[in-house]
Structures are given as structure tokens and as C-alpha cells.
Amino acid sequence: MDFLRPASWEEALAAKAEHPTAVPIAGGTDVMVEINFDHRRPEYLLDLNRVGDLYEWEVGEETVRLGASVPYTRIMENLRAELPGLALASHTVASPQIRNRGGVGGNLGTASPAGDAHPALLAAGAEVEVESAARGTRLIPIDDFYTGVKRNALQPDELIRAVHVAKADGPQQYSKVGTRNAMVIAVCAFGLALHPGTRTVRTGIGSAAPTPVRARAAEEFLNAALEEGGFWDNGKIITPSVAKQFADLCSAACNPIDDVRGTASYRRHAVGVMARRTLTWTWESYRGTRRASEGAA
Amino acid sequence: MRVNFTVNGRPQEADDVWEGESLLYVLRERLGLPGSKNACEQGECGSCTVRLDGVPVCSCLVAAGQAEGREVVTVEGLADFAKQRTCGDSCGTAGTSLDEARQWAAKGTDSQTGEGTELSPIQQAFIDAGAVQCGFCTPGLLVASDELLERNSNPSDADIREALSGNLCRCTGYEKIMDAVRLAAARQSEGV
Ligand code: FES
Ligand code: FES
């Protein structure tokens with residue numbers, strides 16, 4: 001095994017171009033487990049800890065450009081207002097020690113359906129910035145990023161540089177089922193974001209299909225129902241039948257398996273429950289801000 | 001490969017390190033510092049917790065090469081680390097040498113444990129509160145608790161639970177561990 005230690009992003013890209021099989025390691029919270037247990041013996045480890053750019057983030061007009069290695073701890077502490085869904089998801093990652101090392105780039109690189117960040121990224125809307133020495137930078141929409149179980153749209157010579165996440169324009173929620181609060185790999189997880197600007201709702205489901213997925217039929221149904229009932233304007237409570245139908249469609253978007261953490265039918269059920277709850281929470285919060293702004297007017 | 005880094009305030013060099021080796025392995029097997037414990041090797045238990053450039057991490061998940069040029073504090077250096085923090089440079093030479101660290105032990109047994117040795121306040125509090133049973137989880141808990149009290153001098157119970165949520169105690173003595181952290185916080189705020 002060789003340990004490659006690029007000192008800059010350019011050096012990292014050059015190393016990846018020269019050794020496409022090199023396994024990038026940043027926080028190490030996935031890669032080291034595999035090496036410790038001898039599940040993986042990469043020929044090259046590509047250490048990204050010295051690439052300082054990967055630890056920075058910029059808050060722009062529309063999006064936050066989040067460096068691939070920004071630890072979850074930093075996201076929780078610094079980006080709660082801009083990226084509430086991702087901040088909530090970050091807080092559910094493992095433990096403080098793990099959140100101090102791990103970042104979104106690792107979740108995306110591993111592309112495990114159980115990665116905690118995925119549902120939040122899908123719901124908020126995001127693009128993954130990847131780069132290669134040969135072809136430069138490209139932005140991959142998050143909807144096209146996950147291509148199979150632990151597979152993503154990355155080419156062998158590419159590295160994940162950052163993720164551009166849309167800044168929240170409305171309430172966001174994140175919910176995760178596990179046996180306790182800390183140190184839990186999700187049995188299943190659900191992210192929901194209201195986008196009052198475009199009058200749309202987006203979702204993200206984790207651990208309940210071969211890849212992280214959106215519940216598109218559920219989103220379309222809810223978007224239409226909210227529009228038809230004038231809900232965005234009148235701020236009424238969402239009718240229970242609408243919430244139920246939304247929850248059922250979210251369950252139907254799952255394609256889960258039975259495993260040690262839970263059965264397929266439990267996952268389907270739990271996703272429906274989380275969908276209904278996160279819809280209620282975010283909608284209540286939307287109504288609250290509407291009332292507050294009307295009261296002020 | 002060779003790894004140069006600072007351990008407990010002193011520069012160290014580890015030779016013949018295999019590229020896939022963890023920082024935990026280097027500390028225990030190459031530098032002879034078995035204070036950090038190896039239990040799960042997958043980030044689940046926290047018994048390998050050390051400070052890496054001040055940040056609490058699971059040393060089993062840090063590749064040895066990633067520690068190059070960086071500062072590590074292990075439980076063996078905790079007493080000195082805490083002392084430096086309270087009195088700054090006036091305490092004299094900083095750091096714990098490898099020999100000192102290797103011989104580090106809380107002297108005495110039973111209720112006398114710790115007497116006659118310099119302990120960090122958090123170590124003393126663990127002894128006084130009876131928070132050590134088999135002791136396997138203790139090094140990781142000490143490093144994590146010490147860091148909590150460094151950034152939050154008056155933690156709530158929820159803060160303590162959160163800070164220690166990545167540390168498992170197989171003897172399940174969590175109540176005494178909570179007592180110990182509360183005790184250390186109280187003593188710290190009284191300035192004892
Ligand atoms: S041995 Fe590192 S977390 Fe358990
Ligand atoms: S005291 Fe035995 S594992 Fe905690």
C-alpha cells in the first residue's frame with residue numbers, strides 16, 4: 001500500500017489521475033473501518049487532510065458551497081440557519097468524535113443508502129462539484145448522483161470538491177429511525193423541505209431503497225393539493241386526508257430490504273410516519289412565520 | 001513509512017509504520033502507550049479517544065499518516081495537559097516524555113488510588129466519584145470529559161450526555177460517570 005499525501009487540491013487531482021484506483025481518505029470514518037477489518041486493501045490511500053480548501057464553506061446568494069471535508073460539527077454550529085435540514089441530519093451522525101472528522105464528501109463518496117446527509121441534500125436541492133485534472137470541473141445534480149448501491153456518478157479520476165446546497169427558503173425537517181439517539185446507523189431516514197418561493201415541497205428518503213431517493217409521486221401529489229386548496233396563501237392546516245395520502249405515497253416510494261436493522265415492511269411503515277410528522281412540523285412552522293409576518297404588517 | 005508527530009507535547013517518530021495502520025495502533029504498539037484502548041476499531045465505542053490538534057477523535061479511525069506533523073494528546077499526557085492549560089508556561093517544561101508516559105500509573109490501590117501522583121482534575125473526580133469499574137472505557141471518557149469542561153465550564157446534564165454519547169461503558173456505570181463530570185465541573189468553578 002502507498003500513502004499519498006498531496007499538499008494542495010491540484011496535487012490531489014494529479015495523484016488521482018495518476019492512480020485512479022487510489023481511495024480518498026478524509027475523516028476516515030468509513031475507509032478506516034474497512035481497512036481495520038481487512039475488508040479492503042487499497043493499493044493507494046489518498047489522504048486529503050492537508051487540502052485546506054476542502055474544509056471551507058462560502059455562503060452565497062442562493063446556495064452554500066460546502067467543502068467536501070467540512071466536519072459535521074462545523075455544519076451544526078455554523079450553518080443551521082442556511083441549511084437547517086442538513087444541520088439536523090449532521091447532528092444525528094454517530095457521535096461527537098465522528099462528527100469532528102466526517103463530512104458530506106465522505107457520505108457522497110461512499111454513497112451508502114444509509115448515509116445521513118443524503119435525505120437532507122435531496123430535499124434541499126443540491127449539486128455535487130467534482131473535478132478531474134483532465135476535464136476540469138463539473139456539477140452533478142444530486143438527483144443524478146446516486147447510481148446504485150454504494151455507487152455514484154464519479155469517474156475514476158475525479159474527486160469530490162464541494163457540494164452546492166440551496167439555501168433554505170422555508171422550513172426543513174429531518175427524521176431518523178434507530179435504536180437510540182447516538183451511534184446509530186439509520187434503519188431509515190426522511191428529509192423534507194418546504195420551498196415557499198417556488199411553492200414546492202421536496203423529499204429525501206434514506207436506507208429504504210438501493211440508493212437515497214426522492215418520493216416524487218408524493219411530492220407531485222402534495223404540490224398539486226397545496227396549490228388547489230390555496231394552502232400557501234391561506235395558511236390553513238393541511239387536511240388529514242392530504243397528509244395521509246402524502247405519507248402513503250412516500251411509503252410507496254420505498255424499495256426496502258429486510259436486514260438486521262429492520263424489515264422491509266417496518267421501513268415502509270416508518271417512512272410514512274416520518275413523512276406525515278415532518279410535513280406537520282414544517283407546515284406548522286410555515287404557518288407560524290406567515291402569522292408573524294401578517295401580524296407585523 | 002515513518003511518521004513524525006507530537007505526542008503529549010513532545011516530538012515523536014514512529015518507524016516501519018504500515019500505510020493502512022491506525023493512529024491507535026501506532027500509539028499502542030509502536031510508541032508503547034497502551035492508555036488509549038482498542039475495543040471495536042470501528043468508531044463505535046470511543047475507548048480510543050485522543051485529541052488530534054485539540055479535537056477529540058477516535059484514534060482507530062485516523063490513518064497513522066494523517067497524524068504527520070500534528071499534535072496528539074493521549075490519556076497518559078492528560079495530567080500535564082490540564083496543568084499547562086491552567087497555569088500556562090509558568091509550569092516549566094511542557095509535555096510528557098515517552099518514558100514518563102509509559103510508566104504513567106495512578107499510584108496506590110483502592111481508596112488510596114491516585115494519592116501521591118499528579119492527576120488531572122477529571123481523573124481525580126472519576127476516582128472520587130467511583131466512576132471507574134473495570135476501567136476499560138475510562139481513558140476515552142477522561143479525554144472526552146476533559147475536552148467538554150475545557151469549552152463548557154458549567155455543562156448541563158444534557159451537555160454531558162451529548163459530549164459522552166460516543167463513549168460506551170461496558171460496565172454500564174453511567175450514573176457515576178455523570179457524577180464524576182459534575183464533580184469536576186463544580187470543583188473547576190470553585191477553583192479548587
Ligand atoms: S476502538 Fe476506536 S471507537 Fe472503539
Ligand atoms: S468501567 Fe468497565 S467499561 Fe466502563
### Task
Kindly establish whether A:PHE221 is surrounded by 14 or more Cβ atoms within 10 Å (Cβ to Cβ), free of Cβ contacts under 8 Å to residues at least 60 places away in the same chain and over 22 Å from the mean Cα position of the chain (by Cα).
yes
### Message
Condition first: assigned to a strand (DSSP E or B) and out of contact with any helix residue (DSSP H, G or I) (no Cβ under 9 Å at 6 or more places or on another chain). Can you find one or more residues in segment A:149-167 that meet it?
### Response
yes
### Summary
Counted residues in segment A:115-151 being open to solvent by less than 30 Å² (accessible area, probe 1.4 Å) and touching a residue at least 12 places away in the same chain (Cβ under 8 Å) come to 21
### Task
Report yes if B:ARG28 is in a helix (DSSP H, G or I), buried (at least 17 other Cβ atoms within 10 Å of the Cβ) and at pLDDT 95 or above, otherwise no.
yes
### Message
From the list A:GLU11, A:GLU58, exactly one residue is surrounded by fewer than 17 Cβ atoms within 10 Å (Cβ to Cβ) and part of a helix (DSSP H, G or I). Which is it?
### Response
A:GLU11
### Summary
Of A:LEU88, A:LEU66, the only residue that is more than 11 Å from every other protein chain (Cβ to nearest Cβ) and assigned to a helix (DSSP H, G or I) is A:LEU88
### Query
List pairs: first in segment B:117-143 and more than 14 Å from chain A (Cβ to nearest Cβ) and closer than 19 Å to B:LEU168 by Cβ, second more than 9 Å from ligand 2 (Cβ to nearest atom) and at pLDDT below 95, Cβ under 6 Å, 6+ apart or cross-chain?
none
### Task
Only residues that are over 17 Å from A:PRO256 (Cβ atoms), assigned to a loop (DSSP other than H, G, I, E, B) and out of contact with any Phe, Trp or Tyr (no Cβ under 7 Å at 6 or more places or on another chain): list them for segment A:185-236, please.
A:GLY197, A:THR198, A:GLY229, A:GLY230, A:GLY235, A:LYS236
### Query
Counting only residues that are acidic (Asp, Glu) and farther than 21 Å from A:ALA209 by Cβ, which one in segment A:224-252 is most open to solvent (accessible area, probe 1.4 Å)?
A:GLU228
### Task
Looking at (1) assigned to a loop (DSSP other than H, G, I, E, B); (2) basic (Lys, Arg); (3) touching a His at 6+ places or on another chain (Cβ under 7 Å), find the lone condition where A:ARG101 falls short.
(3)
### Query
Which of the residues spanning segment B:17-59 are without any contact (Cβ under 8 Å) to a residue 40 or more places away in the chain and of a type in the set (Asp, Glu)?
B:GLU29, B:GLU41, B:ASP53
### Query
touching a helix residue (DSSP H, G or I) at 6+ places or on another chain (Cβ under 8 Å) and of a type in the set (Ser, Thr, Tyr), is that true of A:THR211?
no
### Summary
Of the listed residues (B:ASN38, B:ASN4), the one being within 16 Å of ligand 2 (Cβ to nearest atom), open to solvent by 40 Å² or more (accessible area, probe 1.4 Å) and either of a type in the set (S, T, N, Q) or within 14 Å of chain A (Cβ to nearest Cβ) (or both) is B:ASN38
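The values are calculated or read from the model by the stated rules, or taken from the named source; none is laboratory data. Fair warning: this is a prediction, and the values are worked out from it, not measured in the lab. When we count neighbours, we look across all protein chains shown, and the Cβ atoms used for this are built from the backbone with ideal geometry, even at glycine. Accessible surface areas use protein heavy atoms only, side chains included; no ligands, DNA or RNA. Shrake-Rupley method; radii C 1.70, N 1.55, O 1.52, S 1.80 Å.
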